[in-house]
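The values are calculated or read from the model by the stated rules, or taken from the named source; none is laboratory data. Keep in mind that this is a model prediction, so the values were computed, not measured. We place every Cβ from the backbone using ideal geometry, glycine too, and count neighbours over all the protein chains shown. These accessible areas exclude ligands, DNA and RNA; they are computed on the full protein's heavy atoms, side chains included. Shrake-Rupley method; radii C 1.70, N 1.55, O 1.52, S 1.80 Å.
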Protein chains: 2
Amino acid sequence: MADFPHTVAELGEGELLSRIFPRLGGPRMLLGPGDDAAVVAAPDGRSVLSIDTLVQDQDFRLQWPGGYRTTGYDVGWKCAAQNLSDINAMGAVATSLAVSLTLPGETPVSWIEGLADGLSAALRALGAENCTVAGGDLGRGNQLVVTAAVTGDLQEQNPVLRSGALPGDVLAVCGGLGQAAAGLALLESSLPYAELGSRERSLTAAQSRPCPPLAAGPAAAAAGAHAMMDISDGLVRDAGRLGKASGVRIDLDPEALRAEAEPLAGPAATLGADPMSWVLGGGEDHGLLAAFAPGQKLPRGFRRVGTARAPGDGVRVVTVAGAEPAFVGWDHFGG
Amino acid sequence: MADFPHTVAELGEGELLSRIFPRLGGPRMLLGPGDDAAVVAAPDGRSVLSIDTLVQDQDFRLQWPGGYRTTGYDVGWKCAAQNLSDINAMGAVATSLAVSLTLPGETPVSWIEGLADGLSAALRALGAENCTVAGGDLGRGNQLVVTAAVTGDLQEQNPVLRSGALPGDVLAVCGGLGQAAAGLALLESSLPYAELGSRERSLTAAQSRPCPPLAAGPAAAAAGAHAMMDISDGLVRDAGRLGKASGVRIDLDPEALRAEAEPLAGPAATLGADPMSWVLGGGEDHGLLAAFAPGQKLPRGFRRVGTARAPGDGVRVVTVAGAEPAFVGWDHFGG
């Protein structure tokens with residue numbers, strides 16, 4: 001073993017865990033990391049559960065064409081954010097994360113310490129103050145794979161499902177729309193990261209360290225949202241899932257979409273891209289899409305983007321002013 | 001797209017999920033797969049949570065030297081078994097699994113269907129009849145990585161921790177000890193799998209499809225076990241963790257160890273191995289190690305293997321008749 005281990009292969013599992021645990025902090029759990037399993041409070045007798053994975057070279061690149069290097073902090077943050085978003089989308093608040101890390105032996109120890117810091121920072125910064133890292137698992141592999149499972153508490157409310165939208169409902173979004181995709185396009189371009197302006201950098205940050213609007217999920221549930229989900233694979237694809245689950249057609253409003261695209265016009269022009277492709281097809285913003293009764297005052301942060309209609313011919317689940325959308329979204333297997 | 005898709009790359013994500021969900025079955029949950037998160041009952045107001053990962057070429061080989069091919073069914077079974085074991089080790093019963101699959105594009109669809117079948121079969125066969133697959137995540141990667149998170153219900157009992165063993169306690173094991181390691185050695189050897197006898201095949205099955213004794217965890221908790229954990233990285237390494245957490249030395253009984261090694265003598269002789277290396281150092285049996293008050297009648301299936309002692313010099317946490325053990329166990333990073 002080296003005197004000063006720089007890679008995870010130079011540390012034992014116990015030593016690596018001892019570098020991670022002190023960085024996690026957070027509120028006390030009934031039983032935290034260090035035993036075979038953790039014990040998390042489930043005060044209303046139900047526990048919400050989801051799982052999500054980030055894979056190197058699929059969900060992030062360690063080194064992007066323009067020079068940006070993804071930090072462990074970025075990946076820890078994004079891992080927390082995308083999992084918290086799934087709990088948010090049910091109208092619940094997150095109570096714990098369990099994290100499994102699959103690491104190549106040459107992974108720098110400092111990168112993993114950064115990952116623990118990023119997890120912890122995201123929980124605080126995003127307002128998940130009741131959520132702690134409850135435990136995890138460590139193992140080797142030939143690429144970085146970071147999986148977290150997250151539990152949540154419904155606080156005596158009913159979960160908001162994808163299947164409750166009714167014809168006539170207002171469809172609204174909360175949080176970013178197309179920003180993470182714009183950031184991805186910037187990172188994937190050959191534009192030198194070091195020369196990007198602050199506006200462009202805020203878009204790459206939306207990709208690397210997304211900020212799901214965590215207060216908005218429980219607020220929408222309390223306001224009586226009929227249906228809700230998080231937007232992780234693009235507005236059209238995710239609205240299609242909500243529409244299919246609810247048995248409605250989602251008709252998006254071109255005017256509202258133009259208002260969403262407008263702030264992205266500058267970077268889109270730089271890259272020769274259509275900002276509408278990011279608004280309609282861009283994933284990973286982890287905002288919310290929700291359906292509210294017509295006339296219902298929208299909770300803070302929600303913007304109307306369309307209307308639920310009777311299914312019609314049933315072929316097209318998502319339309320823009322009645323016509324086929326110009327862009328679809330992301331499918332992990334591209335089928 | 002091919003007319004008859006044979007690999008996951010030829011299917012879309014939705015189509016792949018539609019192949020998986022119908023195979024899962026199990027008891028009804030409050031809210032099952034298909035939304036952003038599942039909702040699991042937590043009747044006593046607490047939820048036990050753990051996470052565990054299997055990585056191709058680390059935790060299993062798709063093709064072993066003697067010719068055995070690991071099936072999706074094997075990996076699904078093992079994924080369920082090792083996660084259920086963590087819940088068992090707390091004295092709880094499993095209530096749900098959330099499964100994340102990272103798949104190379106060329107993975108055969110039939111392999112993934114087998115994985116879903118194996119998950120489901122393990123839940124039934126191991127007696128986890130209250131546990132269902134609650135949801136999951138799918139993504140691409142360059143090797144197979146299968147992660148599951150598991151929740152459990154303590155049924156109004158206190159969780160049994162690693163830290164409760166007292167000097168004088170009897171240390172006992174339940175379930176296999178060294179069998180999975182013997183199976184691993186057989187699979188790693190050049191002995192043709194097709195020519196192995198039924199006894200050897202039962203050892204390779206202990207490696208590929210372990211059977212944690214799921215009734216024994218809650219029974220040990222009900223019997224007042226002072227401390228408990230599952231044996232996943234070998235008796236010496238795991239007893240060391242229990243001893244360290246409890247502040248005791250664990251002295252193993254050579255006679256009891258010999259009784260555990262004796263049934264492994266035949267395959268060990270075939271391979272030129274020492275069966276004691278499997279008993280002391282072999283992981284992945286997912287049996288239980290527990291500490292009971294002296295004089296306590298051991299619950300069904302538990303065998304005495306040693307005694308907890310006052311810590312002594314504090315250097316050696318695990319001894320065999322007071323001396324250093326000849327074999328240690330498994331560390332994922334080998335530090």
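Counting only protein heavy atoms and using a 1.4 Å probe, the accessible area of B:E200 comes to about 40 Å². Counted by Cβ distance under 12 Å from B:L271, the other residues give a net charge of -3, where Lys and Arg count +1 and Asp and Glu count -1. 3J(HN,Hα) along region A:48-62, derived from phi through the Karplus expression 6.51 cos²θ - 1.76 cosθ + 1.60 where θ = phi - 60°, amounts to 8, 9, 8, 9, 8, 10, 10, 10, 3, 6, 10, 9, 7, 10, 5 Hz, with x in place of Gly and Pro.
With viscosity set to 1.002 mPa s and temperature to 20 °C, compute the Stokes-Einstein D of chain B, Rh being the Kirkwood radius across alpha carbon pairs; µm²/s, no decimals.
Details: Rh = 20.7 Å.
The Stokes-Einstein estimate is 104 µm²/s.
Accessible surface comparison of B:S208, B:S163, B:S198, probe 1.4 Å, protein chains only, largest first: the order is B:S198, B:S163, B:S208. How many angstrom lie between the C-alpha centres of region B:139-184 and region A:10-49? Each part's Cα centre sits 16 Å from the other's. Quick check: at a probe of 1.4 Å, how many percent of the accessible area of region B:201-275 sits on carbon and sulfur atoms? Exposed carbon and sulfur together represent 52 percent of the surface. Taking the label point 7 Å along Cα→Cβ, A:F21 and its counterparts in the other copies are spaced 4.1 nm apart, in ascending order. Once backbone amide H atoms are built at 1.01 Å from N, B:A227 has B:A291 as its partners under 5 Å, excluding neighbours fewer than 5 places away on the same chain. Restricted to Cα atoms, region A:8-153 shows a radius of gyration and a Dmax of 14.9, 49 angstrom. Mind running the shape call on region B:2-89? Use the C-alpha gyration tensor, a ≥ b ≥ c as the square roots of the eigenvalues: rounded below 1.5 for a/c, prolate if a/b tops b/c, oblate otherwise. Cα axes put region B:2-89 in the oblate bin. Of A:G247, A:G45, A:G72, the residue with the greatest mean-square motion in the GNM of chain A, using alpha carbon springs below 10 Å, is A:G45. Of B:G283, B:G139, B:G168, the residue with the greatest mean-square motion in the GNM of chain B, using alpha carbon springs below 10 Å, is B:G139.
Have a look at the DSSP beta bridges in the protein assembly as shown and tell me what percent are antiparallel, nearest 5.
Bridges in the protein assembly as shown are about 75 percent antiparallel.
Computed over chain B with a Gaussian network model linking Cα atoms closer than 10 Å, the most mobile of B:L84, B:L235, B:L298 is B:L298. B:D57 label point (Cα plus 7 Å toward Cβ) to equivalent points in the other copies: 1.0 nm, shortest first.
Sequence-distant contacts, meaning Cα pairs under 8 Å at least 6 residues apart, place the relative contact order of chain A at 22 percent. Estimated at the nearest 10 Å², the accessible area of B:E15 is 80 Å² with a 1.4 Å probe. Annotation for A:A215, label-to-label distances across the other copies: 5.3 nm (shortest first, one decimal, point 7 Å from Cα along Cα→Cβ). FRET efficiency for the B:S163 to A:A293 pair, using the beta carbon distance and R₀ = 56 Å, is estimated at 0.60. Which of the three applies to region B:138-184, rounded, prolate or oblate, going by the alpha-carbon gyration tensor with a ≥ b ≥ c and a/c under 1.5 meaning rounded? The shape class here is oblate. Here's the picture: charge each Lys and Arg Cβ at +1 and each Asp and Glu Cβ at -1 in region A:8-153, and of A:V8, A:Q58, A:V93 the one pushed furthest to the positive end of that dipole is A:V93. Set the Förster radius R0 to 60 Å, insert the Cβ-Cβ distance between A:E262 and B:A125 as r into 1/(1 + (r/R0)^6), and round the FRET efficiency to 0.05. The computed FRET efficiency comes out at 0.55. Quickly estimate the mean residue ellipticity at 222 nm for chain B, helices only: each DSSP H run with n ≥ 4 gives -39500 (n - 2.57), and the total goes over all residues, rounded to 500. Here the helix-only value at 222 nm equals -9000 deg cm²/dmol.
Cβ-Cβ distance of B:D253 and B:S110, R₀ of 35 Å, FRET efficiency by 1/(1 + (r/R0)^6): the value works out to about 0.15. Using a cutoff of 8 angstrom between alpha carbon atoms and counting only pairs six or more residues apart, the relative contact order for region B:170-320 works out to 45 percent.
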